[in-house]
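A short write-up of the structure that comes next.
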Amino acid sequence: MKKILLILIFIFNFNNSVNPIDLPKYYQFPDNYLKGKYYETTENFFIVATKKLKDTRFKKTVVVMLDHDEKGAIGIVVNKPLGTVTIGSLIKNLDDQSIKKDLLNYKVPIYWGGPLDNNKILIIHSKDYENNNTKNYEKISISNDYKALLDIAKKKGPSKSLVVIGISAWNVGQLEGEIDKGHWNLSEITQDILFQEKNEKKHIMATKNSFVRL
């Protein structure tokens, strides 16, 4: 697999995050997407792709949902590994001579989070770590600065983490329309699934735990 070289420019400052109402302002969505009616948030759940979902990009995906209301939805795919890169390649344009070379050479797995903002990085991690750029959810936390990457290299970071490129987002009613068509089921977020070392097992495990809201 080709080596991935990226600049660490983060998608959001989560303390002042982009609201779903702003999604069409930042992203271009298709005009003919499935559209349903918003009833209840999927935030703080997984959504799990079913066999009815024909978009090959999302085949057998597990998505952790970060934000969802009547104005749109944001999530991150967590079971599509891209390869392994050095931290130095992720913060390639950072001008900080104080960072030790062994930290820059530390390798981390990289995951595809979705088709949008695919030059930007988020770190999904366990809740035993926090810095000034960490946002806490019910069962996970997300950090979005290079300090978290360096702390991982120093063995002072979270006990479990995923470094993810890009996000997934849905326009007004888009996710609801896809759920109505049976493209996605919901599943409880668990650390066992999220940080499962065998990525092909994540979809199997999340599917077994999945449910459909009535």
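When residues of the stretch 44-66 are filtered for being within 11 Å of Leu175 (Cβ to Cβ) and either free of Cβ contacts under 8 Å to residues at least 60 places away in the same chain or touching a His at 6+ places or on another chain (Cβ under 7 Å) (or both), how many remain? Result for the stretch 44-66: 1. For the structure I just gave you, tell me whether Ser187 is of a type outside the set (D, E, K, R), at pLDDT 95 or above and either in a helix (DSSP H, G or I) or surrounded by fewer than 15 Cβ atoms within 10 Å (Cβ to Cβ) (or both). For Ser187, the condition - of a type outside the set (D, E, K, R), at pLDDT 95 or above and either in a helix (DSSP H, G or I) or surrounded by fewer than 15 Cβ atoms within 10 Å (Cβ to Cβ) (or both) - is not met.
The rows are residues; the columns are (1) under 21 Å from Pro158 (Cα atoms); (2) in contact with a helix residue (DSSP H, G or I) (Cβ under 7 Å, 6 or more places away or on another chain).
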{"position": "Leu23", "(1), (2)": "no, no"}
{"position": "Gly36", "(1), (2)": "no, yes"}
{"position": "Asp67", "(1), (2)": "no, yes"}
{"position": "Asn79", "(1), (2)": "yes, yes"}
{"position": "Gly114", "(1), (2)": "no, no"}
{"position": "Asn118", "(1), (2)": "no, no"}
{"position": "Leu122", "(1), (2)": "yes, no"}
{"position": "Lys127", "(1), (2)": "yes, no"}
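For the stretch 40-78, which residues satisfy the criterion of being touching a Lys or Arg at 6+ places or on another chain (Cβ under 8 Å) and closer than 20 Å to Glu138 by Cβ? If the condition is that a residue be touching a Lys or Arg at 6+ places or on another chain (Cβ under 8 Å) and closer than 20 Å to Glu138 by Cβ, then Glu40, Asn44, Val62, Val78 are the ones that fit. All conditions but one from (1) crowded, with 18+ Cβ neighbours inside 10 Å; (2) of a type outside the set (Gly, Ala, Ser); (3) in a loop (DSSP other than H, G, I, E, B) apply to Val64; the one that does not is (3). For the stretch 37-61, a residue qualifies if it is farther than 18 Å from Thr207 by Cα and either of a type in the set (Val, Ile, Thr) or buried (at least 16 other Cβ atoms within 10 Å of the Cβ) (or both), and exactly one does: Thr41. Of the residues in the stretch 16-38, not one is touching a Lys or Arg at 6+ places or on another chain (Cβ under 8 Å), at pLDDT 95 or above and of a type outside the set (D, E, K, R).
Residues in the stretch 184-214 that are farther than 15 Å from Thr61 by Cα and touching a residue at least 40 places away in the same chain (Cβ under 8 Å): 3 in all. Considering the stretch 81-93, the residues that are part of a strand (DSSP E or B) and of a type outside the set (A, V, I, L, M) include one that is nearest to the chain's Cα centre (by Cα), namely Pro81. Every condition in (1) in a helix (DSSP H, G or I); (2) surrounded by 20 or more Cβ atoms within 10 Å (Cβ to Cβ); (3) of a type in the set (S, T, N, Q) is met by Thr207 except one, and the failing one is (2).
The values are calculated or read from the model by the stated rules, or taken from the named source; none is laboratory data. Since the structure is predicted, the reported quantities are computational estimates derived from the model, not experimental observations. Using ideal geometry, Cβ is built from the backbone for each residue, glycine included, and neighbour counts are taken over all protein chains shown.
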